[in-house]
Amino acid sequence: MHRLRIFSGFAVALMLCAVVMASPPLEWTAAHAQQFAAAKKRVERKGPEPKAAPQEQRERATFTAQDEDVAVIPGIPDARIWGDSEKEFARLLPQASGPWLAISGGGSDGAYGAGVLTGWSESGLRPEFAVVTGVSIGALIAPFAFLGPRYDEVVHKNFTTIGAADIFEDRTTRDSLFDYWPLKRVIEQRVTPALLSEIAAEHARGRRLFVATTNLDAGRRVVWNMGAIAARGEEGLRLFRDVLLASSSIPGFFSPVPIEVEANGKRFHELHGDGTLTSPFFVVPDTMLSPRGATRPPFGQLYIIVNSKLGAEFKMPDRNIPGILGRSIGVALTAALRAEVMLVYIGAQRHGITLRIAHVDPSFDHPSRGPFDGQYMQALYEVGVAAGKKGTAFGDTLPELSMHGSGGRQ
């Protein structure tokens with residue numbers, strides 16, 4: 001397990017180095033990263049650009065590692081914990097029993113997860129989950145998955161009625177190559193006070209909704225207790241939206257999201273970015289699945305929706321900077337994802353946990369014109385629906401994780 005974690009970390013490091021040098025988005029899959037340069041040329045502005053909030057324009061107050069260690073969200077002390085702390089995570093555990101669901105990142109391939117959930121609902125076999133977790137695009141799906149089948153159509157529309165222009169504008173900002181104000185606006189439209197009320201009600205029943213971000217100041221994963229945030233009503237609405245945006249904000253590509261905290265009598269802003277920087281999906285702190293873990297994972301059944309293919313794929317990248325770096329990022333992401341799946345699989349075997357994993361079938365080869373292509377997402381959504389409805393989406397054995405290519409064409 002230690003070697004796998006090192007390998008996963010190496011892949012993420014490669015991914016970060018590529019972002020510093022160029023601009024393909026990290027959460028896109030290998031099939032999409034290479035098409036980034038062409039996609040950005042087609043992005044058009046939709047509606048007026050919102051003005052930046054005053055605190056986002058000011059310089060951040062300085063703070064120390066000691067401040068960071070004890071920082072809390074003002075008025076919501078149970079809003080979040082360090083995602084690598086087994087002791088802190090124990091405080092957030094659900095009172096309700098039942099299976100857990102983890103939804104990975106994957107950009108527009110999130111249409112697959114949306115489809116699986118819908119097909120699963122149509123089969124009549126989709127359970128109510130005690131815990132739902134989401135990272136990156138999975139974070140944007142998770143609130144609706146948490147609330148159950150009545151929101152399946154909302155998720156469907158989210159993936160079939162939006163395009164690249166609904167996600168970003170081709171305009172640099174102080175700390176990013178592109179401006180995510182369109183995505184911020186979409187989140188504000190989808191995450192309403194009524195939605196938060198429903199999530200708060202389920203939280204009161206003992207269920208839990210978690211979203212992971214990466215604290216760029218500390219370099220650590222943060223797990224957000226979204227039900228506790230929702231329970232604060234209007235007070236928690238902005239933070240709820242900011243966390244979803246942060247989990248999907250690829251550093252260098254999108255601006256990190258400043259989140260206000262307080263510690264040692266002062267307030268300051270942390271910077272939070274894409275949750276996939278520290279893990280492609282989140283289940284529990286890694287130590288809970290390791291032989292050294294002091295606490296057994298508090299569930300007997302775990303479902304993971306991987307919004308990506310898991311196997312290596314043959315592809316001849318274009319001989320230019322976007323093509324080579326895009327391909328490199330895709331390979332690094334897939335390698336990190338495979339390593340994380342293996343880690344969770346080994347931990348589940350050790351603790352006698354029933355593990356079911358759904359992932360995009362290697363044979364899916366619908367052409368994509370670029371990130372968030374509507375026809376591509378609709379086709380992938382339909383594949384997910386069919387698999388979920390037939391009961392073939394989730395495998396009960398470890399998926400093929402060979403580094404050998406499939407030999408197929410893209």
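The values are calculated or read from the model by the stated rules, or taken from the named source; none is laboratory data. Computed from a prediction, not measured in an experiment: that's the story for all the values here. All Cβ positions, even for glycine, are placed from backbone atoms using ideal geometry, and neighbour counts span all protein chains on display. Note: accessible area is taken over every heavy atom of the protein model, side chains too, but ligands, DNA and RNA are not part of it. Shrake-Rupley method; radii C 1.70, N 1.55, O 1.52, S 1.80 Å.
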*Subset of the range 259-277 [under 17 Å from Ser176 (Cα atoms) and open to solvent by 30 Å² or more (accessible area, probe 1.4 Å)]*: Leu271
*Give me the pairs: first residue in the range 76-88 and among the aliphatic types (A, V, I, L, M) and at pLDDT 95 or above, second residue open to solvent by less than 20 Å² (accessible area, probe 1.4 Å) and assigned to a loop (DSSP other than H, G, I, E, B), beta-carbon distance under 9 Å, and six or more apart or on different chains, which are they?*
Ile81/Leu92
*asked:* Go through (1) modelled with pLDDT under 95; (2) among the acidic types (Asp, Glu); (3) farther than 23 Å from Arg207 by Cβ for Glu260 and report which single condition fails.
replied: (1)
*Which residues, counting only those in the range 319-376, are hydroxyl-bearing (Ser, Thr, Tyr), in a helix (DSSP H, G or I) and within 30 Å of Arg296 (Cα to Cα)?*
Thr334, Tyr345
*Might you check whether a residue that is crowded, with 19+ Cβ neighbours inside 10 Å and assigned to a helix (DSSP H, G or I) occurs anywhere in the range 159-169?*
yes
*Only residues that are touching a strand residue (DSSP E or B) at 6+ places or on another chain (Cβ under 6 Å) and more than 30 Å from Lys309 (Cβ to Cβ): list them for the range 90-107, please.*
Leu92, Pro94
_Of the conditions (1) open to solvent by less than 20 Å² (accessible area, probe 1.4 Å); (2) without any contact (Cβ under 8 Å) to a residue 24 or more places away in the chain; (3) aliphatic (A, V, I, L, M), Ala194 satisfies every one except a single condition; which number is it?_
(1)
*Tell me which of these Tyr376 doesn't satisfy, since it passes every other one: (1) closer than 21 Å to Gly275 by Cβ; (2) surrounded by 19 or more Cβ atoms within 10 Å (Cβ to Cβ).*
(1)
*Confirm whether Asp361 is under 21 Å from the mean Cα position of the chain (by Cα), charged (D, E, K, R) and open to solvent by 20 Å² or more (accessible area, probe 1.4 Å).*
yes
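To keep it simple, each residue is scored yes or no on (1) under 20 Å from Val344 (Cβ atoms); (2) open to solvent by 10 Å² or more (accessible area, probe 1.4 Å); (3) in contact with a Ser or Thr (Cβ under 6 Å, 6 or more places away or on another chain).
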| residue | (1), (2), (3) |
| --- | --- |
| Leu101 | yes, no, no |
| Ser104 | yes, no, no |
| Ser121 | no, yes, no |
| Leu125 | no, yes, no |
| Ile137 | yes, yes, no |
| Ala142 | yes, no, no |
*asked:* Would you confirm whether or not the range 135-151 contains a residue that is closer than 16 Å to Phe254 by Cα and part of a strand (DSSP E or B)?
replied: yes
*For Ala71, all conditions in the list (1) of a type in the set (A, V, I, L, M, F, W, C); (2) open to solvent by 20 Å² or more (accessible area, probe 1.4 Å); (3) over 21 Å from the mean Cα position of the chain (by Cα) hold save one; what is the number of the exception?*
(2)
_Odd one out for Ile321 among (1) modelled with pLDDT of 90 or more; (2) out of contact with any Gly (no Cβ under 9 Å at 6 or more places or on another chain)_ = (1)
*When only residues in the range 207-240 that are farther than 17 Å from Ala145 by Cβ and in a loop (DSSP other than H, G, I, E, B) count, which is most open to solvent (accessible area, probe 1.4 Å)?*
Arg232
*Of all residues in the range 123-160, count the ones that are of a type in the set (S, T, N, Q), in contact with a Lys or Arg (Cβ under 9 Å, 6 or more places away or on another chain) and under 20 Å from Ala386 (Cα atoms).*
2
*Starting from residues that are within 18 Å of Gly352 (Cβ to Cβ) and open to solvent by less than 10 Å² (accessible area, probe 1.4 Å), keep the ones in the range 300-310 and report whichever is farthest from the chain's Cα centre (by Cα).*
Leu302
*Is it true that Pro251 is within 17 Å of the chain's Cα centre (by Cα) and either surrounded by fewer than 23 Cβ atoms within 10 Å (Cβ to Cβ) or of a type in the set (S, T, N, Q) (or both)?*
yes
*Among what's in the range 278-299 and is open to solvent by 10 Å² or more (accessible area, probe 1.4 Å) and under 30 Å from Leu177 (Cα atoms), pick the residue that is farthest from the chain's Cα centre (by Cα).*
Thr278
*Is it the case that the range 311-327 has a residue that's under 18 Å from Gly138 (Cα atoms) and either acidic (Asp, Glu) or open to solvent by less than 40 Å² (accessible area, probe 1.4 Å) (or both)?*
no
